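Have a look at the structure below, then the notes.
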Amino acid sequence: MENTIQTHNGKLEVPDNPIIPFIEGDGIGRDISGPSHQVIDAAVQKAYGSLKKIVWKEVPAGEKAYKELGSYLPDETLEAFKKYLVGIKGPLQTPVGGGIRSLNVALRQTLDLYVCLRPIRWFKGVPSPIRYPSLVDMHIFRENTEDIYAGIEFMTGNEDAKKFLDFLVNEMGSTQIRFPETTSFGIKPVSKEGSVRLIKASIEYAIERGLPSVTLVHKGNIMKFTEGAFKNWGYDLAETEFKDQVFTWRQLEKIQSDKGKLDADKALNQAKKDGKVIIKDVITDAFLQDSLLHPYDHSVIATMNLNGDYISDQLAAMVGGIGISPGANINYQSGYAIFEATHGTAPTIAGTGKANPSSLILSGVMMLEYLGWNEAAEHILDAMEHTFAKRRVTSDLHAMMEGASLVSTTEFTDEIIKNIH
Ligand code: NAI
């Protein structure tokens, strides 16, 4: 067990040679997995010499596993992620027709990876549709296990939909169903436990990293008992468990109504001076607009599953798209974490040397930070900044960057490694 990452009193204990299971992935997964490991290895070596080194352990999943073992997601792979706690994966093709709906969903559900974490930052030189992309530095905490995405749906015409309709109308006295004969239903479960564990992780993240604020994004104005409750549970948590470290907009409003605007402004300025994390909330539609117009107003974002899905793609597009956006699925209580490229398998460019490995490399950066190997993570970020600044990029970015030189996946990787050294 000496090379196995463990948790002790809620903290990760990372050996110097941790075994990290990885899924190579389908399609371009095969093109970007090896190169991303090379970059991570180079950064670890640069940071720690021979003192630390990752022991990569491939685990089967996807098409390759199906061909060799007859299963898209063999039990041994799930066992490996449980045993070694921290892993990384390339994109997996969702099997067509019957069977598992999505391998990614299966992994998230089995390990109860309740946080989908997406940091959004811009690298100089990368094309962006907004005027000041350098002002974007956001960290999305998307709830990963609940909400309308829980998969509880009844198709109109089915027996279950009829039963559900009958229950709503006859037992709950519901009169709001406009066209009962043709209505399908979806259920939106949002629990206090599920919301609190997500928001807690986001506040701790902001405190640990000295980030200025956490924005709770919700549609609580319309969905009061689910999204509205998410916001209220968030404020309750912040004001009790983190009362010395945060200042909330709810507290601000109370001061304003009790004592007036001047006192409220003073309290807010004092909280900022004291280095407190400001906890605020914004309605989702307003957030989508505000994050484009004033990205510097938002730092950590805590939100539910569906909102988080939309927000992740919009914010990623602001800094260069999914080809360079990393992600992680984490359970901060058990320590289980799987870092992943956020794009798919891009089958049309698989094997052509066109794939951009940045998303998986940056997921590796997140993994190094999660392990506490921050020096190695910094080396990769610096090297990527240099590489983008030199405008040597893969075809996805090349098409949008004036005066850039086109390089293949391996040439791009070699350039990063050269910049690490
Ligand atoms: P996709 O992300 O594979 O491709 C969308 C577009 O982006 C394509 O034009 C593709 O060429 C391009 N692209 C994506 N990643 C790139 C990269 N690293 N470098 C350069 N260009 C890149 O999405 P699509 O086509 O919807 O899905 C293809 C397959 O991937 C499906 O089977 C889907 O289920 C799966 N998928 C898996 C995900 C995962 O494992 N996390 C996430 C999204 C899709």
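Any idea which of Leu111, Leu107 is more than 19 Å from Pro326 (Cα to Cα) and among the aliphatic types (A, V, I, L, M)? Before the answer, list the steps.
Numbers: Leu107 fails: more than 19 Å from Pro326 (Cα to Cα).
Answer to the selection: Leu111.
Quick check on Lys52: is it among the charged types (D, E, K, R), farther than 16 Å from Gly344 by Cβ and touching a residue at least 24 places away in the same chain (Cβ under 8 Å)? Quick ask: steps written out before the conclusion?
Values: among the charged types (D, E, K, R): yes; farther than 16 Å from Gly344 by Cβ: yes; touching a residue at least 24 places away in the same chain (Cβ under 8 Å): yes.
Spelling it out, Lys52 is indeed among the charged types (D, E, K, R), farther than 16 Å from Gly344 by Cβ and touching a residue at least 24 places away in the same chain (Cβ under 8 Å).
With the structure loaded, tell me whether Ala61 is touching a residue at least 40 places away in the same chain (Cβ under 8 Å) and more than 22 Å from the chain's Cα centre (by Cα) or whether it fails that test.
no
If Lys11 satisfies all but one of (1) at pLDDT 95 or above; (2) more than 16 Å from the ligand (Cβ to nearest atom); (3) farther than 19 Å from Asn356 by Cα; (4) of a type outside the set (Ser, Thr, Tyr), what's the number of the condition it fails?
(1)
State which residue is farthest from the ligand (Cβ to nearest atom) when the search covers only the stretch 385-421 and only residues that are in contact with a helix residue (DSSP H, G or I) (Cβ under 6 Å, 6 or more places away or on another chain) and among the aliphatic types (A, V, I, L, M).
Result: Ile420.
Please go through (1) away from the ligand (no atom under 16 Å from the Cβ); (2) open to solvent by 50 Å² or more (accessible area, probe 1.4 Å); (3) of a type in the set (Ser, Thr, Tyr) for Tyr66 and return the number of the only condition it doesn't satisfy.
Here Tyr66 meets the rest and fails (1).
Just to be sure, is Leu12 open to solvent by 20 Å² or more (accessible area, probe 1.4 Å) and either free of Cβ contacts under 8 Å to residues at least 60 places away in the same chain or within 24 Å of Glu146 (Cα to Cα) (or both)?
no
In the stretch 14-30, which residue that is assigned to a strand (DSSP E or B) and of a type in the set (Val, Ile, Thr) is nearest to the ligand (Cβ to nearest atom)?
Applying the filter and picking the extreme gives Ile23.
Of (1) of a type in the set (S, T, N, Q); (2) touching a Phe, Trp or Tyr at 6+ places or on another chain (Cβ under 9 Å); (3) more than 16 Å from the ligand (Cβ to nearest atom), Ser33 satisfies all except one. Which?
That leaves (3) as the condition not met.
Within the stretch 185-219, which residues are closer than 29 Å to Phe154 by Cβ and either buried (at least 19 other Cβ atoms within 10 Å of the Cβ) or charged (D, E, K, R) (or both)?
Once the filter is applied, which keeps residues that are closer than 29 Å to Phe154 by Cβ and either buried (at least 19 other Cβ atoms within 10 Å of the Cβ) or charged (D, E, K, R) (or both), the stretch 185-219 yields Lys188, Val190, Lys192, Glu193, Gly194, Ser195, Arg197, Leu198, Val217, His218, Lys219.
Can you say whether Val39 is within 16 Å of the ligand (Cβ to nearest atom) and modelled with pLDDT under 95, as far as the supplied structure shows?
Answer is no for this residue.
Would you tally the residues in the stretch 175-184 being surrounded by 12 or more Cβ atoms within 10 Å (Cβ to Cβ) and over 18 Å from Ile148 (Cβ atoms)?
Residues flagged as surrounded by 12 or more Cβ atoms within 10 Å (Cβ to Cβ) and over 18 Å from Ile148 (Cβ atoms) within the stretch 175-184 amount to 1.
Could you please find all residues in the stretch 292-302 being in contact with a Leu (Cβ under 7 Å, 6 or more places away or on another chain) and under 9 Å from Val217 (Cβ atoms)?
Ala302 - this is the single residue of the stretch 292-302 that is in contact with a Leu (Cβ under 7 Å, 6 or more places away or on another chain) and under 9 Å from Val217 (Cβ atoms).
It is to be established whether one or more residues within the stretch 295-308 are among the β-branched types (Val, Ile, Thr) and within 16 Å of the ligand (Cβ to nearest atom). Before the answer, list the steps.
Our first condition is that a residue be among the β-branched types (Val, Ile, Thr); within the stretch 295-308, this holds for 300-301, 303.
Right, trim to within 16 Å of the ligand (Cβ to nearest atom) and you get none.
No, the stretch 295-308 contains no residue that is among the β-branched types (Val, Ile, Thr) and within 16 Å of the ligand (Cβ to nearest atom).
Using the structure shown, decide if Arg118 is open to solvent by 20 Å² or more (accessible area, probe 1.4 Å), touching a helix residue (DSSP H, G or I) at 6+ places or on another chain (Cβ under 6 Å) and not hydroxyl-bearing (Ser, Thr, Tyr).
yes
The values are calculated or read from the model by the stated rules, or taken from the named source; none is laboratory data. What you see is a predicted model; the values in this text were computed from it and never measured. So basically every Cβ, Gly included, is an ideal-geometry build from the backbone, and we count neighbours across all protein chains shown. Quick note on the areas: whole protein, heavy atoms, side chains included, nothing else; ligands and nucleic acids left out. Shrake-Rupley method; radii C 1.70, N 1.55, O 1.52, S 1.80 Å.
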